[in-house]
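Reviewing the structure listed below.
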2 protein chains.
Amino acid sequence: MLPFEKSEYLARTEKTRQAMAKQGIDTLVAVDPANMNYLTGYDGWSFYTPQAVVVGQGLAEPICCTRAMDAAGAKLTTFLKADSIIGFPDHYVQSTERHPFDYLAEKMRERGLDRGTIGLEMDAYYFSGRGADAIRAALPDARFSDCDHLVNWVRIVKSEAELAYIREAAVLVTAAMRAGVEGIRTGRRQCDVVAEIYAAQIKGTPEFGGDYTAICPLLPTGAGTSTPHLTWSDEPFREGEATILELAGSRRGYHCPMARTVHLGQPPKRLIDTAAVVIDGLHAALAAARPGATTEAVEAAWRQVTSKHGIRKESRIGYSFGLAYPPDWGEHTASLRPGDRTELRPNMTLHCIPGIWEEGWGFEVSAAFVVTPSGGTPLYDFPEQLAIKA
Amino acid sequence: MLPFEKSEYLARTEKTRQAMAKQGIDTLVAVDPANMNYLTGYDGWSFYTPQAVVVGQGLAEPICCTRAMDAAGAKLTTFLKADSIIGFPDHYVQSTERHPFDYLAEKMRERGLDRGTIGLEMDAYYFSGRGADAIRAALPDARFSDCDHLVNWVRIVKSEAELAYIREAAVLVTAAMRAGVEGIRTGRRQCDVVAEIYAAQIKGTPEFGGDYTAICPLLPTGAGTSTPHLTWSDEPFREGEATILELAGSRRGYHCPMARTVHLGQPPKRLIDTAAVVIDGLHAALAAARPGATTEAVEAAWRQVTSKHGIRKESRIGYSFGLAYPPDWGEHTASLRPGDRTELRPNMTLHCIPGIWEEGWGFEVSAAFVVTPSGGTPLYDFPEQLAIKA
């Protein structure tokens with residue numbers, strides 16, 4: 001069942017402990033579901049109630065705390081011993097009187113984890129203001145420190161075993177994108193094409209299937225292409241309109257994202273011209289993404305090519321990705337943007353997606369790539385050009 | 001584009017203001033994406049960055065604050081005037097130095113919304129500890145109050161227009177469950193069946209299509225049926241094993257959930273017996289769900305039937321549902337459990353799902369129902385019995 005050897009999990013815990021020691025953290029409470037999975041293997045759609053993995057400098061292995069009914073899932077999906085798995089009783093669920101983190105704090109106290117410096121993932125999804133207040137109030141003998149993204153930064157360089165899953169996810173997203181680009185035709189309903197995209201993402205190949213992705217298929221169309229995060233409707237695709245597809249494949253939670261743009265009928269010149277320039281800029285970014293380069297240098301390479309054609313873009317052009325749960329497949333570590341000085345290292349995986357959103361129209365193309373000695377090597381080979389269809 | 005008349009949105013704001021007034025709240029900051037949608041129509045998979053809708057006692061209409069690139073989406077999907085839509089610049093995104101709620105606070109101050117009592121949805125998804133600390137620190141002249149679920153409670157009784165969408169979602173989940181129950185056969189890969197489930201959910205009918213659901217298809221199988229929230233793999237279904245399907249359909253964000261259990265080959269007696277008792281208990285709960293009854297009385301009706309057969313269940317047997325975004329289609333208001341004394345009213349919609357999870361096995365069946373004068377009326381008609389297949 002476990003997607004990795006137990007030794008890989010233990011190495012992850014050890015790296016996390018080292019990063020904690022550098023920041024003076026004795027005990028880390030990870031609530032990001034991807035971090036929980038990374039450290040223990042825990043996998044389940046249970047992040048809609050509070051849950052956490054605790055890593056202690058003196059603990060032999062992490063502790064996983066979930067709702068009681070999900071503790072059985074932790075037994076099935078993690079390498080942890082039974083006494084490292086804690087289930088909180090159901091009367092803590094969605095109660096106005098008590099919070100699951102009250103229970104977690106009690107269990108931490110019983111194990112002597114209520115002192116020293118405790119790191120909290122303060123800006124993580126599913127770590128609410130009330131959860132933060134509850135755990136801080138319940139552990140009065142601890143100092144608290146914001147360790148948001150500490151585990152994410154440990155995750156940024158992928159192992160060969162992780163890369164193998166990401167390469168399988170690349171196969172999945174290629175199939176899903178093919179279903180989308182081939183499926184879009186004037187008069188077909190958007191939902192019918194998205195049904196085919198989902199089926200391709202999940203069915204996969206005869207060798208392996210796909211998992212749910214951290215973001216659903218995004219499919220802005222027509223005037224909707226002026227903004228990136230709209231989803232489909234049951235309206236038909238229309239002649240003379242563009243559609244942006246932003247999709248991913250996921251294999252054991254490891255993602256590979258891709259964006260492409262389709263136009264039905266003859267596209268306006270500005271769209272054709274923009275597409276050509278943005279694709280050139282994307283190639284420049286990939287070439288610049290060598291080990292030792294900074295993330296801002298990758299963005300600068302893109303901007304150098306595109307700005308002379310009048311393209312202005314305020315938002316970042318990419319981010320690190322990998323293991324992910326809803327609502328985001330981004331890793332929340334390095335971004336390709338000015339001021340971000342992360343040094344690229346081999347086996348980092350990033351998604352370069354220089355989306356252009358203007359008044360009433362837009363264009364997206366992207367490359368998910370792995371950092372190799374020769375630059376950013378795309379994880380898939382799928383036509384980048386604006387797809388023009390009837 | 002808007003799924004409801006503008007008048008329906010304005011009535012929702014007015015009801016929200018009344019509830020705020022009862023709790024002494026001058027300004028409410030809603031971050032739950034379902035609450036944001038309910039109040040303004042805003043729809044997009046953008047909740048992976050902080051965003052909010054602000055309702056003020058003195059404001060003509062709500063304010064919607066998103067990332068700048070999503071503000072164009074707010075213009076397309078809401079009824080709001082342009083100056084009620086605020087986009088925060090991209091350097092606030094995933095920054096360790098500044099938080100989008102610093103920006104929101106600044107805009108609130110400019111509009112005089114920085115005083116009096118401000119309600120925060122303290123335990124909402126996507127309202128992080130850091131977000132809570134940021135907004136509290138940035139608005140020193142305000143008092144803060146936890147208004148978690150205030151809008152959710154306004155949402156609990158559905159309008160006829162909302163019920164129409166929920167009934168369409170019931171058609172969608174019926175199609176998805178049929179695909180699942182018919183698709184599961186010994187030797188077929190789990191991912192192949194889930195691909196068919198997704199396709200049915202989204203493709204819908206010739207009259208309408210489906211949207212993404214707030215929880216992905218849940219599909220514990222074999223020993224996995226001892227816990228509710230596991231998802232599929234690419235392993236085959238096996239003779240002699242049960243599979244639990246928990247699915248939903250979604251129509252314009254309005255959900256309808258359903259759970260059923262399939263067994264391949266002759267089931268063990270304990271599973272057959274448990275299924276029969278749980279279904280009887282479910283019917284007793286539905287009969288008890290009349291206007292004026294409390295939610296705990298509905299649970300008690302279930303328990304009265306099932307406990308004499310030795311069935312023990314610690315966790316709640318159901319919850320209110322409706323408009324939802326990932327990661328949960330539950331509304332976080334009424335639960336069917338002891339101590340929950342919500343009085344049922346006509347047009348409330350609840351999901352009664354008395355799941356049984358034992359060591360190594362489990363059983364689920366459910367009914368999504370609307371409260372009517374004659375009791376809980378199921379929203380779909382799908383065989384409840386344990387499905388026995390080859």
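Entry for the protein assembly as shown at q = 0.06, 0.10 Å⁻¹: log10 I(q)/I(0) = -0.34, -1.04, Debye formula applied to identical alpha-carbon scatterers, no solvent contribution. Annotation: the residues B:I197, A:I272, B:I202, sorted from fewest to most other C-beta atoms within 10 Å of their own C-beta, follow the order A:I272, B:I197, B:I202. For the range B:302-390, applying the loop criterion from DSSP together with a ceiling of 13 other beta carbons within 10 Å to the GluC sites (Glu not before Pro) yields B:E314, B:E359.
Amide H contacts of A:L59: none lie under 5 Å away among residues 5 or more positions distant or on a separate chain (H built 1.01 Å from N in the peptide plane; Pro and chain starts excluded). When the pairs A:K107/A:K158; B:K6/B:K107; A:K81/A:K107; A:K158/B:K203; A:K15/A:K81 are compared against a 28 Å limit on Cα-Cα distance, A:K107/A:K158; A:K158/B:K203 fall above it. Less than 5 angstrom separates the built amide H of A:M348 from those of A:K158, A:V371, all sequence-distant by 5 or more or on a different chain. About its Cα centre, the protein assembly as shown has a charge dipole of approximately 120 debye under the convention of +1 per Lys or Arg Cβ and -1 per Asp or Glu Cβ, with nothing else charged.
Between B:T186 and A:I388, the modelled labels are 5.6 nm apart [label points 7 Å from Cα along Cα→Cβ]. Take every Cα pair under 8 Å whose residues are at least 6 apart in sequence, average their separation, divide by the length of the range A:228-333, and the relative contact order is 22 percent.
For the range B:204-259, the relative contact order works out to 39 percent when only alpha carbon pairs closer than 8 Å and six or more residues apart are counted. Rounded, prolate or oblate: which fits chain B when a ≥ b ≥ c are the square roots of the eigenvalues of the alpha-carbon gyration tensor, with rounded for a/c under 1.5 and prolate only if a/b beats b/c? Prolate, since a/c reaches 1.5 and a/b exceeds b/c. Here A:K269 is the anchor, and the lysines within straight C-alpha reach of less than 28 Å, apart from those fewer than 8 places off in the same chain, are A:K308, A:K313, A:K389, B:K75.
Per-residue Karplus couplings for the range B:89-101, computed as 6.51 cos²θ - 1.76 cosθ + 1.60 with θ equal to phi - 60°, are listed in order as x, 5, 6, 7, 6, 6, 9, 8, 9, 9, 10, x, 6 Hz, Gly and Pro entered as x.
Taking GluC sites (Glu not before Pro) across the range A:56-110, the ones in a DSSP loop with at most 14 further Cβ atoms lying within 10 angstrom of their Cβ are A:E97.
Loop-resident trypsin sites (Lys or Arg not before Pro) (DSSP state other than H, G, I, E or B) in the range B:95-137 with no more than 16 further Cβ atoms inside 10 Å of their Cβ: B:R98, B:R111, B:R115. When you restrict to C-alpha pairs under 8 Å that are six or more residues apart and normalise by the size of chain B, the relative contact order lands at 14 percent.
With both partners inside the range A:1-148, how many of the DSSP beta bridges are antiparallel, as a percent to the nearest 5? Write out the running numbers ahead of the final one.
Working: 7 of 19 bridges.
Of those bridges, close to 35 percent are antiparallel.
Compared with the dominant principal axis of the Cα atoms in chain A, helix A:6-22 is inclined by about 80°.
If both residues of a DSSP beta bridge must be in chain A, then about 70% of such bridges are antiparallel. The charge dipole of the range B:233-390, taken about its Cα centre with unit charges on the Cβ atoms of Lys, Arg (+1), Asp and Glu (-1) only, comes to about 440 debye. Considering only B:A214, B:P236, B:G339, the residue lying farthest towards the positive end of the dipole of the range B:195-354 is B:G339, judged by Cα position with unit charges set on Cβ.
In order along the range B:219-225, the Karplus-derived 3J(HN,Hα) couplings, from 6.51 cos²θ - 1.76 cosθ + 1.60 at θ = phi - 60°, round to 8, x, 9, x, 4, x, 6 Hz, and Gly and Pro are given as x. Close amide-amide hydrogen proximity is noted between B:F4 and no other residue 5 or more places distant or on a separate chain, at a cut-off under 5 Å (H modeled in the peptide plane; Pro and chain starts excluded). Listed values for the range A:63-79 are Karplus-derived 3J(HN,Hα) couplings in whole Hz (6.51 cos²θ - 1.76 cosθ + 1.60, θ = phi - 60°), namely 9, 10, 10, 9, 4, 3, 5, 8, 4, 5, x, 5, 4, 7, 10, 10, 8, and x replaces Gly and Pro.
Adding -39500 (n - 2.57) for every DSSP H run of four residues or longer, then dividing by how many residues the protein assembly as shown holds, sets the calculated 222 nm ellipticity at -11000 deg cm²/dmol. Each of B:E246, B:E241 was scored by other Cβ atoms within 10 Å of its Cβ. Listed from fewest to most, they are B:E241, B:E246. Ranking of A:Y198, B:Y9 by neighbouring Cβ atoms within 10 Å, starting from the fewest: B:Y9, A:Y198. Subtracting the Cα-Cα distance of B:T96 and B:A82 from their residue separation scaled by 0.36 nm leaves 2.1 nm.
Computed from the coordinates by the stated procedures, all read-outs in this text should not be read as laboratory data. What you are looking at is a predicted structure, and each value in this text was computed from that prediction instead of being measured. Using ideal geometry, Cβ is built from the backbone for each residue, glycine included, and neighbour counts are taken over all protein chains shown.
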